[in-house]
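Here the structure is laid out as structure tokens; the discussion comes afterwards.
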């Protein structure tokens, strides 16, 4: 809640839900115990005590504190930046606070993150991408309709383009650039793209080797410049980022 209060575009939040869900679940099988009280109306003491103490007007009155982001320095990458690229775990071990890239789009619908090691800069993408296969003949989404993620570098003539999402493997235009894309299909072992229908999260990461920036290796203090654009399925919306960034510890 304190984090939400720091975001200027958040106008409210709610706790879902007051009661635990019934033991045998809803019609769709959901049966979690995330209520303030259980199904017998008995409060969860620690949770209700915290809710009672919470004072949004007082916290709001303190004013917002500046949040760190990539403009203050790009953090180092975790040991294995592309590890655990699966639902609820992809990008979780990144420093997404310090690595957050502010969008240049007025109404952004996606987030971008940066981190680095001596060999590469890693770019992470978290977006909503609604794809409904029933609108396609044989439920085959057209390549031209898939989400398009581009990254442009001063040292590279053409933008690096990746087609991601729609339950298909990523397609990348530049050799030597790696892209992984979250699998929206339970049980799929290989890392492919986000799924279709209710699997709307399009989470991806791109590996940009130091050689693309005309360097053999990166080190603290190096500066990089890049811009990026994400266009969702069917080009329904666009989010853009652009800036120069200093690599930090």
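Just one residue in the set 218, 230 is in a strand (DSSP E or B) and either modelled with pLDDT of 95 or more or within 21 Å of residue 107 (Cα to Cα) (or both); that residue is 230.
Check whether at least one residue in the stretch 168-179 is under 16 Å from the mean Cα position of the chain (by Cα), modelled with pLDDT of 90 or more, in the same structural domain as residue 107 (by TED's automatic domain parsing) and under 18 Å from residue 126 (Cβ atoms), and report yes or no. Scanning the stretch 168-179, I find at least one residue that is under 16 Å from the mean Cα position of the chain (by Cα), modelled with pLDDT of 90 or more, in the same structural domain as residue 107 (by TED's automatic domain parsing) and under 18 Å from residue 126 (Cβ atoms), so the answer is yes. The residues on offer are 106, 111, 95, and the sole one that is closer than 20 Å to residue 13 by Cβ, in the same structural domain as residue 153 (by TED's automatic domain parsing) and free of Cβ contacts under 8 Å to residues at least 24 places away in the same chain is 111. Counting only residues that are crowded, with 16+ Cβ neighbours inside 10 Å and part of a strand (DSSP E or B), the stretch 116-140 holds 9 of them. For the stretch 70-104, the tally of residues that are within 22 Å of residue 119 (Cβ to Cβ) and touching a strand residue (DSSP E or B) at 6+ places or on another chain (Cβ under 9 Å) stands at 18. Pairs linking a residue in the stretch 46-63 that is at negative phi and at pLDDT below 90 to a residue that is surrounded by 11 or more Cβ atoms within 10 Å (Cβ to Cβ) and not in a loop (DSSP other than H, G, I, E, B), with Cβ atoms under 8 Å and 6 or more positions apart or on different chains, are 56/5; 59/5; 60/5. With the requirement that a residue be surrounded by fewer than 18 Cβ atoms within 10 Å (Cβ to Cβ) and either touching a strand residue (DSSP E or B) at 6+ places or on another chain (Cβ under 6 Å) or part of a strand (DSSP E or B) (or both), what does the stretch 105-115 give you? Of everything in the stretch 105-115, those that are surrounded by fewer than 18 Cβ atoms within 10 Å (Cβ to Cβ) and either touching a strand residue (DSSP E or B) at 6+ places or on another chain (Cβ under 6 Å) or part of a strand (DSSP E or B) (or both) turn out to be 105, 109. Taking the stretch 221-243 as the range and being surrounded by fewer than 13 Cβ atoms within 10 Å (Cβ to Cβ) and out of contact with any helix residue (DSSP H, G or I) (no Cβ under 9 Å at 6 or more places or on another chain) as the test, the residues that pass are 221, 223, 236. Only residues that are modelled with pLDDT under 95 and either under 21 Å from the mean Cα position of the chain (by Cα) or within 18 Å of residue 236 (Cβ to Cβ) (or both) were counted in the stretch 148-162, giving 0.
The values are calculated or read from the model by the stated rules, or taken from the named source; none is laboratory data. Everything quoted here is computed from the prediction, not taken from an experiment. Neighbour counts run over all protein chains shown; Cβ positions are idealised from the backbone, glycine included.
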